[in-house]
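All remarks here apply to the structure that follows.
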Amino acid sequence: MITDTQRRMQILRKVHRIPVDKLKELDEFVSKLEEGIVTKSKALSFAGSWRDIDDTVFDELTNNLISNRQRNRRRIDE
């Protein structure tokens, strides 16, 4: 089994062999990979935000979700 450090070194060796005319394409690809990481951490920043919500408030939100959405939709359509 290969360690993370070994894998990174392997990738770096491969990057050094890539022709100069392909570096822009590689940079764009790596940037796309990084975008996924940023998005994931933004979503995770909300983790636990409802942990201390009052049970009656939570029940009100969940039990009446459909009717609340329908009521709000009518206001938007008007």
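Every number in this text was worked out from the coordinates using simple rules, so none of it is lab data. These figures come from a predicted structure and were not determined experimentally. In this analysis, Cβ positions are derived from the backbone assuming ideal geometry, glycine residues included, and neighbour counts consider all displayed protein chains.
Taking +1 at the Cβ of each Lys and Arg and -1 at the Cβ of each Asp and Glu, which of N64, F46, V30 sits farthest along the dipole of the chain towards its positive end, judged by Cα position relative to the Cα centre? So the residue we want is V30.
Counting pairs on different chains as well as pairs 8 or more places apart, how many Lys pairs in the chain have Cα atoms under 19 Å apart? Lysine pairs meeting the criterion: 7. Given their separation in residues at 0.36 nm each and the Cα-Cα distance between them, D21 and Q70 gain 12.2 nm when the chain is fully extended.
Taking the Cβ-Cβ separation of T3 and R51 as r and a Förster radius of 35 Å, what is the calculated FRET efficiency to the nearest 0.05? Computed FRET efficiency for T3 and R51 comes out at 0.45. Mean residue ellipticity, 222 nm, helices only, the chain: the sum of -39500 (n - 2.57) across DSSP H runs of n ≥ 4, divided by residue count and rounded to 500, is -24000 deg cm²/dmol. The angle between the Cα long axis of helix 65-77 and the longest principal axis of the Cα atoms of the chain comes to about 90 degrees, rounded to the nearest 10.
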